[in-house]
Amino acid sequence: MIDLDTTQAHHTLSIDADQLGDRGLHGRITIPGDKSISHRALMLGSLASGETTIRGLLLGEDPRSTAACFRAMGAEISELNSELVTVKGIGLGNLREPLNILDAGNSGTTLRLMLGVLASHADRFFTVTGDASLRSRPMARVVNPLKEMGAQIWGRESGNKAPLAIAGQTLKSIHYHSPIASAQVKSCILLAGLMVDGETIVTEPERSRDHSERMLRAFGATVEVDGNMVYLKGKATLEGQPVTVPGDISSAAFWLVAGSIVPNSDLLIENVGVNPTRTGILEVLAEMGADITLENSREVAGEPVADLRVRSAQLKACTIGGAVIPRLIDEIPVLAVAAACAEGTTIIQDAAELRVKESDRITAIATQLNHMGANVSERADGLEIIGGTPLVGTSLESYDDHRICMSLAIAAIVASGKTTIDHAESAAISYPSFIPTLQQLY
Ligand code: S3P
């Protein structure tokens, strides 16, 4: 039985795992559009000249925040749906000064990428904020390099925390050596570089997701990539384009782990984006002994796509760290669930970034899995998980974090007895149909 109590403002998800019996999870799953690509399609469509069409947009709360912000600055974005969204762009440099505070909601991608856009729109003033989680997250990682480009930004803690105020300026190009591998930092600087004179360069310690580079190129910007270095030619022009958004591998991750750890399962997850900067989860699960195959591999609108078939397997522990971390950063909470069900001790390291996501995901997943009887210890930069202790259903906290909520729901399927998870409405940030899909699989 899977039940969602919506009678209170905050919804509670109840999962009674015993009722699944030995049936396993079976069927075909269609996952919603990629969150990163959805944000970028809305932003570049708004900034470009002419019309952009978006098929397969994610209808989660995060892209809705992006759409609302760009509508407030003059972009004409049709009602959001996953069939077809049209964006009438206003042309690079033409954003209107918004009449009110821009609200990025829970979305770090909206706020950080948009800061690069706003800072480079000279002679306009902008204020931006977000929900309690976003207002606690660090912005200096983008504000400082933007200031090096000449940006004027103010906020709490010397501009590290939203609400932020931005007086748009004509910026100058930089070569920024980012201390962290972050697509949000890289993309913010590249977007700020669109209107500058000369070349903007970002070098990162490891390669992060490259959706911005791909989409900027498709919209007509000159972008070159050399190892961990990305060059963008300034004074760019962007032309509206048709964009097809593939399914989000970060959403598929929940079913990849569920199909692996629930005995007798066989799932086909259709239309998943398998951009190599995002497929760390497939490599790690393969190393753990998962039975996952890629079928029908193809390219859709400049992004590689495949159907993923997952069958149950006994997983074994592994060590996860180094260059793979940015390629699976959002999947670590659900990988921790996989590790709790695996034989042996899994170490997750070099992942301190998890502490500044929508929640402190290291503390969140360790605390909640331990409540279920798992054996998880926190490290400063990750987790140590001794797998194999049986999980027991109990009352859990999601920290109002969508990925913690959904990861715990997957753990609940293999626990004995009943689990309840609070703030289950948070799943709608990135995956509004997660709970109905879970119910369908039962
Ligand atoms: C994202 C980049 C990642 C990721 C986030 C989406 C993006 O964040 O965790 O969910 O769309 O650029 P960082 O760049 O902070 O690592």
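Observations
- Normalised by the number of residues in region 180-227, the average gap of Cα pairs under 8 Å and 6 or more apart makes the relative contact order 38 percent.
- Loop trypsin sites (Lys or Arg not before Pro), region 151-196 (other Cβ atoms within 10 Å of the site Cβ: 16 or fewer; DSSP): LYS172
- GNM remark for the chain: springs join alpha carbons under 10 Å apart, and the peak mean-square fluctuation among ILE180, ILE404, ILE189 falls on ILE180.
- Based on C-alpha pairs under 8 angstrom that are at least 6 apart in sequence, the chain has a relative contact order of 17 percent.
- Between LYS316, LYS235, LYS35, the residue with the greatest mean-square fluctuation in the GNM of the chain (Cα pairs under 10 Å linked by springs) is LYS235.
- Between amide H atoms placed 1.01 Å from N, distances below 5 Å from VAL300 occur with VAL305, all of them 5 or more places distant or on a separate chain.
- MET229, MET288, ranked by accessible area, largest first (probe 1.4 Å): MET229, MET288
- Å³ per residue enclosed by the Cα convex hull of region 35-244: 98 Å³
- Cross-link partners of LYS186 among lysines, defined as those whose alpha carbon lies under 28 angstrom from its own and excluding same-chain residues fewer than eight positions apart: LYS35, LYS88, LYS147, LYS161, LYS172, LYS233, LYS235, LYS357.
- Stokes-Einstein diffusion of region 293-344 at 20 °C, 1.002 mPa s viscosity, Kirkwood radius from Cα pairs, rounded to a whole number: 160 µm²/s.
- Whole-number percent relative contact order across region 109-256, with pairs defined as alpha carbons under 8 Å at least 6 apart: 21 percent
- Relative packing of 37-45, 386-394, which averages over residues the other C-beta atoms within 10 Å, highest first: 37-45, 386-394
- Accessible area expressed per residue, the chain, with surrounding protein chains retained (probe 1.4 Å, Å²): 35 Å²
- Solvent-accessible surface (1.4 angstrom probe) belonging to HIS175, in square angstrom, nearest 10: 70 Å²
- Antiparallel bridge percentage (DSSP; both residues within region 35-244; nearest 5): 75 percent
- With both residues required to sit in the chain, DSSP beta bridges show an antiparallel share near 75%.
- Solvent-accessible ranking of TYR431, TYR399, TYR231, TYR176, largest area first, probe 1.4 Å: TYR399, TYR231, TYR176, TYR431
- Within the accessible surface of the chain, defined with a 1.4 Å probe on protein heavy atoms only, the carbon and sulfur portion equals 48 percent.
- Ranked order, VAL230, VAL225 - accessible area, probe 1.4 Å, largest first: VAL225, VAL230
- Cα-based equivalent ellipsoid of the chain: semi-axis lengths in Å, sorted from largest, via gyration tensor: 37, 22, 21
- Charge sum, other residues only, whose C-beta stays under 15 Å from GLN19's C-beta, Lys/Arg counted +1 and Asp/Glu -1: -2
- Within the listed set GLU224, GLU358, GLU384, the residue fluctuating most in the Gaussian network model of the chain (springs between alpha-carbon atoms under 10 angstrom) is GLU224.
The values are calculated or read from the model by the stated rules, or taken from the named source; none is laboratory data. It should be emphasised that the depicted structure is a prediction, and the values quoted were computed from it without experimental measurement. Cβ: placed from backbone, ideal geometry, glycine included. Neighbour counts: every protein chain shown. Surface accessibility is based on the protein's heavy atoms, side chains included, excluding ligands, DNA and RNA. Shrake-Rupley method; radii C 1.70, N 1.55, O 1.52, S 1.80 Å.
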